[in-house]
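The block underneath contains the structure these notes are about, expressed in structure tokens.
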């Protein structure tokens, strides 16, 4: 398993790790039941904090991509792509709802929020696809 970590990126290292492992799972480079490196060995190999690796593994576990068995390690979970997509959609919907509620509390109009959203979509979505 090869992970690239960009220490100068604005994306936290744990997110970089989690995102790349997700891509490996989705592309089936990692298959259900495959073991992941231990937190300690991953941290040592990439010269990063074990807490950073643990946080990445916790995110992957929470999102259903891996299963961690205490004392035995972390393994790629038996997952249905639809289940994973539904879980990711729920998380994103919750985050968007929080963002919208914050905009409402700060007095932004529906039109302001729609404009902000559309501008961000143009700027970020196309750039990262």
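Each value in this text was obtained by applying a stated rule to the coordinates, not by laboratory testing. In this text, all values refer to a predicted model and were calculated from it rather than measured experimentally. Please note: Cβ atoms are built from the backbone with ideal geometry, for glycine as well, and neighbour counts cover all protein chains shown.
Summary of values
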{"quantity": "Cα radius of gyration and Dmax for the range 81-125 (Å)", "calculated": "12.8, 39"}
{"quantity": "Choice from 96, 36, 85 showing the highest fluctuation, given a GNM over the chain with Cα pairs closer than 10 Å", "calculated": "96"}
{"quantity": "Normalised convex hull volume, the chain, alpha-carbon set, Å³ per residue", "calculated": "140 Å³"}
{"quantity": "Extension gain from residue 28 to residue 121, taking 0.36 nm per residue of separation minus the Cα-Cα distance", "calculated": "30.6 nm"}
{"quantity": "Choice from 97, 28, 111 with maximal GNM fluctuation in the chain (Cα, 10 Å cutoff)", "calculated": "111"}
{"quantity": "Highest average packing first - 43-54, 11-22, Cβ atoms within 10 Å", "calculated": "11-22, 43-54"}
